Amino acid sequence: MQIFGVDIGGTGIKGAPVDLERGDLAQERHKVPTPHPATPDGVAGCVVEVVRHFGWDGPLGVTFPGVVTGGVTRTAANMDPSWIDVDTASLLSRALDGQPVTVLNDADAAGVAEMTYGAGRGRDGTVILLTLGTGIGSALFTGGRLVPNSELGHLELKGHDAEKRASFKAKEDGDLTWERWAHRLGKYMAHVEMLFSPDLFILGGGVSRKPEKFLPLIEGVRAEIVPAKLQNNAGIVGAGMAAKASSSKGGGA
Ligand code: BGC
């Protein structure tokens, strides 16, 4: 079965039809640059462009880099503040002439995709996926079930928002060596471990394509640590999975 997924990010809005049997994109994804300022109306126009590019007219899932409850975007740490408290599912559905839209947090989407098709497949205990990009996203699972909107990237680390110190952007902005960054990441992950005692950490985001550069350098974490497998497409696949789950329940959200 095919469904459609869109991933809204700070730099690009990407989407593709998703093949749910294989847990992969059914066609090469289409990407448009995120407009600046990245306001709800501007971004909605880009989502329409991506969906229309494929002539898709069924239900779709859309990820957003912030807290999402009942289709409403509640925070926007790295997006325009005008997203806060917007009924994004309805806004996008209206822009798409009534196509049902399910909206969920970007890391949660990547997490459900990894748990079903990737590095978390068959893992039952407590699993935490962390996406290391502009911010730090998190997806928390226990017994394979997601606790949505865990937002562990905003834990406090040395008096700072953790993502400001340990995201991949923090490495680039601060020109940190892999060793220095891995040291910070280890401190951050040890803090997360103290709170949740996960059995497994899955590290995602673009940097997870080069795990050999930093994964062996992470110290002070007892849990197993593995790189994500679906990498760049996990968000789109997870968005598609969420759309399928809501359409089986009879609607978007
Ligand atoms: C947001 C999260 C998001 C993460 C990755 C954080 O700043 O608060 O909701 O998952 O960035 O995009």
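The values are calculated or read from the model by the stated rules, or taken from the named source; none is laboratory data. Please read all numbers here as calculations on a predicted model, not as lab measurements. Reconstructed Cβ throughout: ideal geometry from the backbone, glycine too, with neighbour counts over all protein chains shown. The protein model used for the area step is the full one, side chains on, heavy atoms only, and it has no ligands, DNA or RNA in it. Shrake-Rupley method; radii C 1.70, N 1.55, O 1.52, S 1.80 Å.
Within region 10-39, the residues that satisfy the criterion of being surrounded by 20 or more Cβ atoms within 10 Å (Cβ to Cβ) and within 21 Å of Arg74 (Cα to Cα) are Ile13, Ala38. When residues in region 6-42 are screened for being among the acidic types (Asp, Glu) and closer than 22 Å to Ile136 by Cβ, 1 of them pass. Confirm whether Val101 is among the β-branched types (Val, Ile, Thr), more than 15 Å from the ligand (Cβ to nearest atom) and either open to solvent by less than 20 Å² (accessible area, probe 1.4 Å) or more than 13 Å from the chain's Cα centre (by Cα) (or both). Considered against the rule, which asks whether it is among the β-branched types (Val, Ile, Thr), more than 15 Å from the ligand (Cβ to nearest atom) and either open to solvent by less than 20 Å² (accessible area, probe 1.4 Å) or more than 13 Å from the chain's Cα centre (by Cα) (or both), Val101 comes out as yes.
Does Asp97 meet the test of being in the same structural domain as Leu215 (by TED's automatic domain parsing) and either closer than 27 Å to Gly42 by Cβ or not in a helix (DSSP H, G or I) (or both)? No; evaluated as a whole, the condition is false for this residue.
Please enumerate the residues belonging to region 80-95 that are among the polar types (S, T, N, Q) and open to solvent by 40 Å² or more (accessible area, probe 1.4 Å).
Quick first cut of region 80-95, residues among the polar types (S, T, N, Q) only: 82, 88, 90, 93.
Residues satisfying the conditions are Ser82, Ser90.
Against the condition under 20 Å from Ala242 (Cα atoms) and assigned to a loop (DSSP other than H, G, I, E, B), how does Gly137 come out, does it pass? So Gly137 does not fit the description; no.
Checking each residue in region 26-78 for being among the β-branched types (Val, Ile, Thr) and more than 16 Å from the ligand (Cβ to nearest atom) picks out Val32, Thr39, Val47, Val48, Val50, Val51. Within region 126-161, the set of residues being within 12 Å of the ligand (Cβ to nearest atom), small (Gly, Ala, Ser) and out of contact with any strand residue (DSSP E or B) (no Cβ under 6 Å at 6 or more places or on another chain) comprises Gly133, Gly135.
Selection of region 8-62 for residues being within 16 Å of the chain's Cα centre (by Cα), under 14 Å from Ile236 (Cα atoms) and part of a loop (DSSP other than H, G, I, E, B) yields Gly9, Gly23.
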